[in-house]
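This report refers to the structure that appears directly beneath it.
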Amino acid sequence: MSEKVVILGTGPAGYTAAIYAARANLNPVVIEGDEPGGQLMLTTEVENFPGFPDAVMGPDLMESMKKQAERFGAQFVFGRAQTVDLSHRPFTIAMDDGTSYETDALIISTGATAKLLEIPGESELIGRGVSTCATCDGFFFKDKRIIVVGGGDSAMEEATFLTRYASEVTIVHRRDTLRASKVMQERAHKNPKIRWVMDATPVAVESADNRVTGLTVRHNQTGETETLATEGLFVSIGHRPNTEFLAGQIKTDGVGYIITNGLDTATNIDGVFACGDVADSRYRQAITAAGSGCKASMDVERWLESRE
């Protein structure tokens, strides 16, 4: 099957790219991936997306975006791209069900996956006290005790941010020293709302009535376990961009985020564009992802016009 534009991935970036591409009569095919809708499908109330003064449920927002794209003619295909051949145009996308697509232009919006602790109770309580985004969910923890797990700059930044809302923030780190820069460490240490549990490995998330009540940790020096009471657990141990399937064919940074060309969304491969969290290691917000999806479709439209 040969297409003019294929969009790999959904979420705010992919759906917005599909809306703009469909309105431009590009008839995009959107390959939804393993988790249609992306990380917002695991989110409850979204309060920082413009236009929803009373908040909107993450899955509802994603479903509305999908319907909007479908209204203009975007075609959605459930499945995952197993391999992509970017060595020549048209680009070839091999699906996990054995089908394949060819396309003149490709938009990659496969996102990034937050790394989890992979301990009992964690995945079951995402959206019920376990979070990977302080900016998204901090507001829901006013005057509550919160734990942040991590030792890098992101963990220090999220812990400091969460002190705006929480009564107390405890940073748990599995080593006895932090990986964060000295500036970020000093800022966190000076914050009176932050306390520390160092050299401790999280082993289980505790709950009652389907809500987080504590984090059990093992103190590495003694081997003893302790349950730290908390009403919210923020896991801040990094993200993994979903670029493995590209097999090194496209320029990425040291972590794997796709590098785009300055202000636009073009990559180092002519005809390939990237948007959303797969190319954004800094902001990782629904609204910035949506904005980059708009840019990617506009860039594709202009690129196609330049080739006519």
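The numbers here are math on the coordinates, done by the rules we state, and not lab data. The model shown is predicted, which means the values in this text are computed figures rather than measured ones. As a convention, Cβ positions derive from the backbone with ideal geometry for all residues, glycine included, and neighbour counts pool all protein chains shown.
List of remarks:
- Per residue, the convex hull spanned by the Cα atoms of the chain measures out at 144 cubic angstrom.
- For residue 83, the residues 5 or more places off, or on other chains, whose built amide H falls under 5 Å of its own are 94.
- Using the Cβ-Cβ distance between residue 52 and residue 176 with R0 = 45 Å, the FRET efficiency computed as 1/(1 + (r/R0)^6) comes to roughly 0.55.
- Taking amide hydrogens as placed 1.01 Å from N in the peptide plane, the amide H of residue 232 sits under 5 Å from those of 147, each at least 5 positions away in sequence or on another chain.
- A straight chain from residue 229 to residue 247 at 0.36 nm per residue would run longer than the Cα-Cα distance by 2.2 nm.
- Between the beta carbons of residue 95 and residue 222, assuming R0 = 51 Å, the FRET efficiency works out to 0.50 to the nearest 0.05.
- Under 5 Å from the amide H of residue 203 lie the amide H atoms of 216, 217, 218, each residue being 5 or more positions distant or on a separate chain, with H modelled from the backbone and absent for Pro and chain starts.
- Integer Hz, Karplus 6.51/-1.76/1.60 couplings in order for segment 242-257, x for Gly and Pro: 8, 10, 4, 5, 7, 6, x, 7, 10, 6, 10, 7, x, 8, x, 6
- The calculated FRET efficiency for residue 85 paired with residue 60, based on their beta-carbon distance and R0 = 41 Å, is about 0.65.
- Overall, the chain carries a charge dipole of about 820 debye about its Cα centre when +1 sits on the Cβ of Lys and Arg and -1 on the Cβ of Asp and Glu, all other atoms neutral.
- 3J(HN,Hα) along segment 78-85, derived from phi through the Karplus expression 6.51 cos²θ - 1.76 cosθ + 1.60 where θ = phi - 60°, amounts to 7, x, 10, 6, 7, 9, 10, 9 Hz, with x in place of Gly and Pro.
- Kirkwood-Stokes translational diffusion coefficient of segment 123-235, alpha-carbon pairs, 20 °C, 1.002 mPa s, µm²/s: 155
- Extension gain (nm, one decimal) between residue 198 and residue 281, 0.36 nm per residue minus Cα-Cα: 27.2 nm
- Sequence-ordered 3J(HN,Hα) estimates for segment 141-146 from the Karplus curve with 6.51, -1.76 and 1.60 and θ = phi - 60° stand at 10, 4, 6, 10, 8, 10 Hz, glycine and proline given as x.
- Where labels lie 7 Å past Cα in the beta-carbon direction, separation of residue 34 and residue 124 in nm: 2.1
- Sorting 245-255, 137-147 by their mean Cβ neighbour count within 10 Å, with the most densely packed peptide first, gives 137-147, 245-255.
- Isolated Cys residues of the chain, judged by Cβ distance under 4.7 Å to other cysteines: 275, 294
- Each of 116, 125, 178, 263 was scored by other Cβ atoms within 10 Å of its Cβ. Listed from fewest to most, they are 263, 116, 125, 178.
- Counted by neighbouring Cβ atoms within 10 Å, the residues 119, 287 run from fewest to most as 287, 119.
- Going from the residue with the fewest nearby Cβ atoms within 10 Å to the one with the most, 88, 239, 189 rank 88, 189, 239.
- Electrostatic dipole magnitude of segment 30-112 [Cβ: Lys, Arg +1; Asp, Glu -1; Cα centre; debye, to 20]: 260
- Nearest 10 degrees, 0 to 90: helix 153-162 Cα axis against the chain principal axis: 70
- Charged side chains reduced to their Cβ positions (Lys and Arg at +1, Asp and Glu at -1) give segment 123-235 a dipole of some 300 debye around its Cα centre.
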